[in-house]
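Presented below is the structure to which this report refers.
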Amino acid sequence: MKIRWTFLLILWAFTGATAQTDTTGHPDFSHYLEDQVFFNLSYINIRHLYPGVSQQGFSHAVSFGYIRDIPVNLRRNLGFGLGFGYERDVYYQNLRIGKDEQTGNITYRVLNPGDYINNAFVVKKLIMPVEFRYRNSTAERFRFFRIYTGFLLGYTVGAESHYETEKVAVHYIKLTAIPSRWQYGVYVYAGYSELNGYVYYGLNDLFSKQVRVGSEHAPMYDLKFGVMLSFL
């Protein structure tokens, strides 16, 4: 891990030193960076569900964070981005994740339509985006087109089950061990100025292997469509 971070710091310093040398006499491409704070709101389409399990309601994700810009060419319209942030995903579906009051064991049950008002599974995670960047910006142009694509790694820090019926107002259970500890996928976002369209494709199962209906594992993958706001 130390070697990895040392390499990234050296790369960062190298790109900065190169820019200082190469941009002499080129005022149009001075030492600007597109470091950005981002805010993302997405709709979640749940994929590869266990038979009988279906998505219910508006599943959604909210995330925010910071991305450091690392240009790799003289014009500084090509580069990489390294970031860190926080994300909260809410999955509305009919797989009830509860807890046996006598044994304390986690239970899983597929709900029938009409048996409940609300059933949601919430995942909270730290996210680390690594992206390749192209933009038509200059040091003087603060509004420009961009297309960025990358890999998103998430580390789960919390999870909850929310359940509501006519008799039970809200049944809240902490379920940190239920989602996979590490979650990852690929993404792309493109747009003009602060507004961007966003697509994320999850590559691994969101549920850990202990999530089972009967004797079979119940998987869940996600596909997100949303809006990314980025501020310099």
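Structure data summary
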read-out	value
GNM result for the chain, Cα springs below 10 Å: residue of ILE127, ILE117, ILE173 fluctuating most strongly	ILE117
Net length gained if the chain between ASN105 and ASN45 were fully extended (0.36 nm per residue, minus Cα distance)	18.7 nm
The range 26-88: chymotrypsin sites (Phe, Trp or Tyr not before Pro) in DSSP loop, at most 15 other beta carbons within 10 Å	PHE58
Rounded to 10°, Cα long-axis angle of helix 2-22 versus longest principal axis of the chain	30 degrees
Neighbour-count order for THR176, THR107, fewest beta carbons within 10 angstrom listed first	THR107, THR176
Separation in nanometres of the label points that stand 7 Å from Cα toward Cβ, at VAL62 and ALA190	2.9 nm
DSSP-loop GluC sites (Glu not before Pro) across the range 88-149, with at most 11 other Cβ within 10 angstrom	GLU101, GLU140
Longest segment of the chain lacking trypsin sites (Lys or Arg not before Pro) that sit in a DSSP loop with at most 12 other Cβ atoms within 10 Å	1-140
For the range 33-231, radius of gyration divided by Kirkwood radius, i.e. Rg to Rh on alpha-carbons	1.06
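Read-outs throughout are calculated quantities, based only on the coordinates presented, and are distinct from any laboratory measurement. The model shown is predicted, which means the values in this text are computed figures rather than measured ones. Note: ideal-geometry Cβ built from the backbone for every residue, glycine included; neighbour counts use all protein chains shown.
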